[in-house]
């Protein structure tokens, strides 16, 4: 199975459009799994009429405190790097959103009062959406701070049986994006030819390079001003895979939740060819 | 009565900090004498969990009331856990906040 | 001192272009760019950096090979698989939780704060700007966002600026939560696309969860009349004020290519008039 991540530094450059289109194009010949890793704001499912409804709760470790055994010694509060545990007068309080599930508290508790509990952080959806195309996405609960456990879970659930897995990455260049791209065979960076676009593309390219994942660029809203991206690509020896023209028509379709695979028929071939070359 | 106020600085004329968890200082004001002790809020630069950590600071100072702006949900439950009451104030300075609170309290009594 | 943050949930709805345009309409303003992993506002506002500070974010475990006895306890207790076979620590996988530090029998582990970015205080035409840059791929825990906001507050107090305008990050996680805290209200920039509406609702829920009032600005409002109606209906039911409707236009891009905000590019156009109108309403709401 080949894994392709669709990423960008800047938001709204067209990651989802490219991911959905690429998945549809590939699914004509291959078995494809599309993973929407933007768990804070997953949007891929909007573009399928048969969106997944099958739900699975995603839980992470949290300390289950046995109040009988706990003597409020405060050892757990001392080792918790993320300030999740607080010793009150007569009991322990736990604040879940910040817990990284490191199990430090459980390991150090001298009373053995902390056991393995689990706490829901979001939901996982997955189902077949079209012939040869399976969509997985996760929805982080509102108020949760950390997206990475859900991304990890999505990636862990990816079983063999598909020829291609397409990962739609969250925007930005911090850990959720790095978590998505890590371990992929190839990354497609979607960028706009604007001063914002090029600045964020450079940052995204740095992350991808650090992770050792080969990459190519798709220019979206291309319109004669691509030079700034072309120059950067040449300098860094990154190939430009495709140029999606600037068009109000595409934006209108997108706004209605429609992405048609026949908009840009050459896209998948170009990306696969490039991937195989590397 | 010891009244804690989230504050931008170390005097009674300092601005009230609008954010409970990550305010730079707490002033612990004695309502009878208006004498105060400034306490640095170590939670102001914490990676996360500032709200409950700030509540802990106030608990350690033995104050049962805090005048502040916005209190997050975690901070709120921690304050409740310590038995500390949070009062939202819109005053500019710490002095105004304390005086306003005492005046309100008097009329209620 | 008043503060407001622009957020959107979905990326690319125009937060930064609009923050830039709003900012030039205030006198003596403090602007904070809280999108620290992909900051762009400096491209429009061209800040002159006056102060720079190294940012130390989360911790990283470092194992001292001389003290390490190779017992493997750290590998056993680490929940993130961050300790490699040769007892080095993977910088990306390590969450800095310190479990290895507390459990090492030889005290061979030290927890170091990693340098994971920089923050800047700068001068712009009509005030000050605080911004930052996170090292690519690092954890954006919201701490750098908080640092930017704290500096902005200090700068605003020092320079007698009455308002802090914050350009927020996309999403609804840590960095967004950090940028929401303590503001007078959040201005949600949304677009009338299916995904835009979906994400707008999630970010409004997030703000509500933390007790921050919201107002909305629709960008590209004529892109899809049906979706626009849906947004307006939603705002009416939720009793959320709509501050402005900005048409779908290439002007923002044309201005951006010249490194200008839309106000500087064409202050009389529809887009600019809508933004001026929004500023008028913002000033009224905040009483400044």
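Each reported figure results from applying straightforward, stated rules to the coordinates on display, with no laboratory input. Please read all numbers here as calculations on a predicted model, not as lab measurements. Every residue, glycine as well, gets a Cβ built from its backbone with ideal geometry; the counts of neighbours run over all protein chains shown.
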Once the Cα atoms of helix B:73-82 and of chain B are each reduced to a long axis, what angle between those two axes, in degrees from 0 to 90 to the nearest 10, is obtained? 70
Roughly what % antiparallel, to the nearest 5, for the DSSP beta bridges in chain A? 45
Show me the three semi-axes of the equivalent ellipsoid for the protein assembly as shown, from the C-alpha gyration tensor (sqrt of 5 times each eigenvalue), largest first, rounded to whole Å. 40, 33, 22
Could you tell me what % of all Cα pairs in region C:65-107 have separations over 17 Å? 20
Expected sort for A:103-109, C:281-287 on mean C-beta neighbours within 10 Å, highest first, is A:103-109, C:281-287
Considering only the protein assembly as shown, percent of DSSP beta bridges that pair antiparallel, nearest 5: 50
Assuming R0 = 51 Å, what is the FRET efficiency of residue A:248 and residue C:52, from their Cβ-Cβ distance, to the nearest 0.05? 0.75
Could you list A:86, A:263 in order of exposure, starting from the residue whose Cβ has the fewest other Cβ atoms within 10 Å? A:263, A:86
Quick one: check the C-alpha center-to-center distance for region C:142-178 versus region C:233-288, whole angstrom. 21
With r defined as the distance between the Cβ atoms of residue A:107 and residue C:113 and R0 fixed at 25 Å, what FRET efficiency is calculated, to the nearest 0.05? 0.65
To the nearest 10 degrees, how steeply does helix C:143-159 sit against the main Cα axis of chain C, on a 0 to 90 scale? 50
From DSSP H assignment alone, runs of 4+ in the protein assembly as shown each adding -39500 (n - 2.57), the sum over residues rounded to the nearest 500 puts [θ] at 222 nm at -9500 deg cm²/dmol
Rg/Rg_ref, region C:186-288, where Rg_ref = 2.2 N^0.38 Å and atoms are Cα: 1.12
Selected from C:25, C:93, C:223 as most flexible by GNM, with chain C as the system and alpha-carbon contacts under 10 Å: C:93
How large is the direction-averaged shadow of the alpha-carbon convex hull of region C:101-212, in nm²? 10.6
Can you list, bin by bin at 10 Å, the percent of alpha carbon pairs in chain C, starting at 0? 6, 26, 29, 18, 11, 7, 2, 0
Rounded to the nearest 10, the angle in degrees between the Cα long axis of helix C:270-286 and the longest principal axis of the Cα atoms of chain C comes to 70
Using Cα centres only, tell me the gap between region A:31-76 and region A:224-278 in whole Å. 33
Which one of C:32, C:156, C:208 has the biggest mean-square fluctuation once chain C is modelled by GNM with Cα springs under 10 Å? C:208
Computed over chain A, the Cα gyration tensor eigenvalues, each multiplied by 5 and square-rooted, give semi-axes in Å (largest first) of 41, 21, 16
For region C:188-229, shape from the Cα gyration tensor axes a ≥ b ≥ c, cut at a/c of 1.5 then a/b versus b/c, turns out prolate
Would you mind pulling out the separation of the Cα centroids of region C:75-101 and region B:51-92, in Å? 36
Jot down the per residue volume, in cubic angstrom and as a whole number, of the convex hull over the alpha-carbon atoms of region A:71-182. 138
Just the C-alpha atoms of region C:26-113: what Rg/Rh do they give, with Rh taken as the Kirkwood radius? 1.24
Identify which of C:214, C:83, C:155 has the largest mean-square fluctuation in a Gaussian network model of chain C, with springs joining Cα atoms closer than 10 Å. C:83
If neighbour count is taken as other Cβ atoms inside 10 Å, put C:17, A:8, A:160, C:267 in order from fewest to most. A:160, C:267, C:17, A:8
Hey, got the Cα dimensions of region B:2-108 along the principal axes, in Å, largest first? 37, 26, 23
Rounded to the nearest 5, the percent of DSSP beta bridges in chain C running antiparallel is 45
Within 10 Å of each Cβ of C:76-88, how many other protein chain Cβ atoms are there on average? 2
Cα shape, region A:67-112, gyration tensor, a/c 1.5 rule: oblate
